[in-house]
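Working notes, structure below.
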Amino acid sequence: MRTIIDLPEDLVARLDRLRRQAGVSRAELVRRAVRHYLEHVSGTTARIPPGKVFGLWQGRGVDGLAYQERIRGEWDGR
């Protein structure tokens with residue numbers, strides 16, 4: 001699929017320097033960058049969908065603050 005994007009000149013210049021160093025086309029460099037970005041984004045958000053973070057402790061039978069204090073107490077031997 002072809003996609004047209006507008007990039008500021010400074011980014012184009014940086015891309016051109018990188019593509020020369022890597023010995024690949026600008027399009028290949030952009031494909032790699034998009035792939036890298038998507039892998040990192042999906043890796044961090046795949047487990048918890050946006051908007052689903054509130055109430056994560058619900059149903060665990062443990063008070064979140066009590067758990068936090070117990071774990072932190074282990075750090076300094078309290």
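Could you tell me how many of the residues in region 43-78 are part of a helix (DSSP H, G or I), exposed (fewer than 10 other Cβ atoms within 10 Å of the Cβ) and modelled with pLDDT under 75?
Within region 43-78, the first condition is being part of a helix (DSSP H, G or I), and the residues that meet it are 43-45, 64-76.
Filter again for exposed (fewer than 10 other Cβ atoms within 10 Å of the Cβ), leaving 43-44, 65-66, 71, 74-76.
Now narrow it down to the ones that are modelled with pLDDT under 75: 43-44, 76.
Total meeting the criteria: 3.
Only one of (1) in a helix (DSSP H, G or I); (2) at pLDDT below 90 is not met by A27, so which one is it?
Here A27 meets the rest and fails (2).
The values are calculated or read from the model by the stated rules, or taken from the named source; none is laboratory data. Note that the structure is predicted; figures quoted are calculated from it, not measured. No Cβ is skipped: glycine too gets one built from the backbone with ideal geometry, and neighbour counts run over all protein chains shown.
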